[in-house]
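Undergrad: Structure in structure tokens, see below.
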Amino acid sequence: MKQTPEKRNALRDTPWLDPEQTPHVQLLDIRKNYGDFTAVDNISLDIYKGEFFSLLGPSGCGKTTLLRMLAGFEIPTQGRIILDGEDMSAVPPYARPVNMMFQSYALFPHMNVEKNIAFGLKQDKVPKAEIQERVAEVIELVQMQKFAKRKPHQLSGGQKQRVALARSLVKRPKMLLLDEPLGALDKKLRQDTQFELMAIQEKLGITFVIVTHDQEEAMTVSSRIAVMDHGRIVQVATPTQIYEFPNSRYVAEFIGEINIFQGVVENSDSENAAIISEEAGCRVETGRSTDIAENAHAWVAIRPEKFDISTEPPSDTRVNCMQGEVWDIGYLGNLSVYHVKLDSGKMAMAVRTNRARSIESSITWEDRVYLSWHPSAAVILSN
């Protein structure tokens, strides 16, 4: 079916929603065993051209093993990897149109920046004039012109990271794999570099696949995220979808801070759902339907910033309103974090933006407070 210009524009940045788009990378029933241990367990995944795709999960979840199989450093026990329509099963790492950037950077200490970047092209016997042109191009791309003659020991951590990135890009791979590439940088530099990576990736249009255990990093750079647990992918979605609509308690708790309360589904229809939760001490209405049966046990998840915290009660304290005492306060400058011990004994976390310049807070330790929220803020989870 021919698409209208409006539909094409809407799908331009979401090719996974377009049935006419062909995946750039396909993982088909990938499994990797080490003896009796299964590191990657029957993963199937489509990644589209130009995506900045993240594999996110804790240590030991299989994300780096999956990345190494994409690079060809590990051979799948089962399954196939298709890149740009070509089966990579019998293609060795050096022959794949893929490059990998490691956390350690692995720069040659005796070579300056230019020679480090040019090394792979020389190995491929690219003509000298073309090497000079391509090296100059990527040095400018990563803004390292002033440091082209320096050796690695004369560079900062962030500069080394840029050289490693330039060396990975100079061979013009179809896909760039990044294994915890920013892990060695301090927080401020890591945040700045994340946006630089995004700008470079968008300019080049190369498919980036990054492995990280840093939730904020994945949320910042990714077009989509695959959350992994024990060798399996448990959810694939955009950062917004994963944060706002996790499909399980595991995903909800792994991505950011969240409050989770157990309860029993009271009703669920086409427009809304409700849970009675003794832990919350109230009736929780979500404003969203759920396929969980009535009277079934479930959990309701609410992000800390979704709460309105006040010493004054809302008009109805029976619905979407928890009560308790301020147990602890964390002042973070732009935010204040409140730990509230509810009447049920369960602890809840609320976050409030400090919009006004003030030394004294209107809410302090041992205050009696009310946590209320809009129905759209709550998500019901079955597992």
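Undergrad: Could you please give the count of residues in the range 76-117 that are part of a loop (DSSP other than H, G, I, E, B) and either touching a helix residue (DSSP H, G or I) at 6+ places or on another chain (Cβ under 8 Å) or modelled with pLDDT of 90 or more (or both)?
TA: Counting residues in the range 76-117 that are part of a loop (DSSP other than H, G, I, E, B) and either touching a helix residue (DSSP H, G or I) at 6+ places or on another chain (Cβ under 8 Å) or modelled with pLDDT of 90 or more (or both) gives 18.
Undergrad: Can I ask one more? For the range 305-345, give me the residue count where each residue is β-branched (V, I, T), buried (at least 17 other Cβ atoms within 10 Å of the Cβ), under 31 Å from the mean Cα position of the chain (by Cα) and farther than 19 Å from H374 by Cβ.
TA: Taking the range 305-345 first, the residues β-branched (V, I, T) are 309, 311, 317, 319, 326, 329, 337, 340.
Cutting the leftovers down to buried (at least 17 other Cβ atoms within 10 Å of the Cβ) gives us 309, 326, 340.
Subset that is under 31 Å from the mean Cα position of the chain (by Cα): 309, 340.
Next, only the ones that are farther than 19 Å from H374 by Cβ stay: none.
Counting residues in the range 305-345 that are β-branched (V, I, T), buried (at least 17 other Cβ atoms within 10 Å of the Cβ), under 31 Å from the mean Cα position of the chain (by Cα) and farther than 19 Å from H374 by Cβ gives 0.
Undergrad: Let me ask another. Of the conditions (1) more than 24 Å from the chain's Cα centre (by Cα); (2) within 19 Å of S54 (Cα to Cα), K149 fails just one. Which one is it?
TA: It fails just one condition, (2).
Undergrad: Give the residues of the range 138-161 that are without any contact (Cβ under 8 Å) to a residue 24 or more places away in the chain and assigned to a helix (DSSP H, G or I), sorted by residue number.
TA: E140, Q145, K146, Q154, Q159
Undergrad: Check whether at least one residue in the range 316-327 is within 23 Å of E244 (Cα to Cα) and not in a strand (DSSP E or B), and report yes or no. First the steps, then the outcome.
TA: Applying the first criterion (within 23 Å of E244 (Cα to Cα)) to the range 316-327 yields 319-322.
Restricting the remaining residues to those that are not in a strand (DSSP E or B) gives 320.
Yes, the range 316-327 has at least one match.
Undergrad: Scan the range 262-304 for residues that are among the aliphatic types (A, V, I, L, M), at pLDDT below 90 and exposed (fewer than 15 other Cβ atoms within 10 Å of the Cβ) and jot them down.
TA: Scanning the range 262-304 gives A293, A296.
Undergrad: Sort through I233, I225, I210, I200 and tell me the only one that's surrounded by 18 or more Cβ atoms within 10 Å (Cβ to Cβ), at pLDDT below 90 and not assigned by TED's automatic domain parsing to the domain that holds L371.
TA: Sole residue among the options that is surrounded by 18 or more Cβ atoms within 10 Å (Cβ to Cβ), at pLDDT below 90 and not assigned by TED's automatic domain parsing to the domain that holds L371: I200.
Undergrad: I need the full set of residues from the range 34-75 which are among the hydroxyl-bearing types (S, T, Y), under 20 Å from the mean Cα position of the chain (by Cα) and either over 17 Å from P239 (Cβ atoms) or assigned to a loop (DSSP other than H, G, I, E, B) (or both), in order please. Working first, answer last.
TA: Just the residues of the range 34-75 that are among the hydroxyl-bearing types (S, T, Y), to begin with: 34, 38, 44, 48, 54, 59, 64-65.
Checking the rest, the ones that are also under 20 Å from the mean Cα position of the chain (by Cα) come to 44, 48, 54, 59, 64-65.
S44, Y48, S59, T64, T65 - these are the residues of the range 34-75 that are among the hydroxyl-bearing types (S, T, Y), under 20 Å from the mean Cα position of the chain (by Cα) and either over 17 Å from P239 (Cβ atoms) or assigned to a loop (DSSP other than H, G, I, E, B) (or both).
Undergrad: So which of E196, E180, E244 ends up being touching a residue at least 60 places away in the same chain (Cβ under 8 Å) and within 30 Å of A95 (Cα to Cα)?
TA: Numbers: E196 fails: touching a residue at least 60 places away in the same chain (Cβ under 8 Å); E244 fails: within 30 Å of A95 (Cα to Cα).
Every option except E180 fails the conditions.
Undergrad: Then there is this: I need the full set of residues from the range 123-137 which are aliphatic (A, V, I, L, M) and in a helix (DSSP H, G or I), in order please.
TA: The first filter runs over the range 123-137 and keeps only residues aliphatic (A, V, I, L, M), leaving 126, 129, 131, 135-136.
Within the range 123-137, A129, I131, V135, A136 qualify.
Undergrad: Tell me which residues, restricted to the range 238-261, are crowded, with 19+ Cβ neighbours inside 10 Å, among the β-branched types (V, I, T) and farther than 24 Å from G345 by Cα.
TA: I242, V251, I255, listed by residue number.
Undergrad: Residue under question is L176, and the condition is that it be buried (at least 18 other Cβ atoms within 10 Å of the Cβ), assigned by TED's automatic domain parsing to the domain that holds S223, in contact with a helix residue (DSSP H, G or I) (Cβ under 7 Å, 6 or more places away or on another chain) and under 19 Å from P97 (Cα atoms); does it hold?
TA: Working: buried (at least 18 other Cβ atoms within 10 Å of the Cβ): yes; assigned by TED's automatic domain parsing to the domain that holds S223: yes; in contact with a helix residue (DSSP H, G or I) (Cβ under 7 Å, 6 or more places away or on another chain): yes; under 19 Å from P97 (Cα atoms): yes.
Yes, satisfied.
Undergrad: Could you pull out the residue among M347, M322 that is within 26 Å of Y250 (Cβ to Cβ), among the aliphatic types (A, V, I, L, M) and in contact with a His (Cβ under 9 Å, 6 or more places away or on another chain)? So that I can check it myself, show each step before the final result.
TA: Values: M322 fails: in contact with a His (Cβ under 9 Å, 6 or more places away or on another chain).
Only one candidate qualifies: M347.
Undergrad: In addition: What are the pairs with Cβ atoms under 8 angstrom where one residue, in the range 102-127, is of a type in the set (A, V, I, L, M, F, W, C) and surrounded by fewer than 19 Cβ atoms within 10 Å (Cβ to Cβ) and the other, located anywhere, is modelled with pLDDT of 85 or more and part of a loop (DSSP other than H, G, I, E, B)? Sequence gap at least six, or different chains.
TA: M111/K151; F119/F108; F119/M111
Undergrad: Further question on the same structure: Any idea which of (1) of a type in the set (S, T, N, Q); (2) under 24 Å from K146 (Cα atoms); (3) surrounded by fewer than 22 Cβ atoms within 10 Å (Cβ to Cβ) is the one S168 doesn't satisfy?
TA: Just one mismatch for S168, condition (3).
Undergrad: Please determine whether any residue of the range 111-119 is assigned by TED's automatic domain parsing to the domain that holds K49, farther than 26 Å from E51 by Cα and charged (D, E, K, R). Walk me through how you get there before you give the answer.
TA: Going through the range 111-119, the residues assigned by TED's automatic domain parsing to the domain that holds K49 turn out to be 111-119.
Right, trim to farther than 26 Å from E51 by Cα and you get 111-116, 118-119.
Still in the list and also charged (D, E, K, R): 114-115.
The answer is yes, given that some residue of the range 111-119 is assigned by TED's automatic domain parsing to the domain that holds K49, farther than 26 Å from E51 by Cα and charged (D, E, K, R).
The values are calculated or read from the model by the stated rules, or taken from the named source; none is laboratory data. Since we're looking at a predicted model, the values are computed, not measured. Note that we place each Cβ from the backbone using ideal geometry, even for glycine, and neighbour counts take in every protein chain shown.
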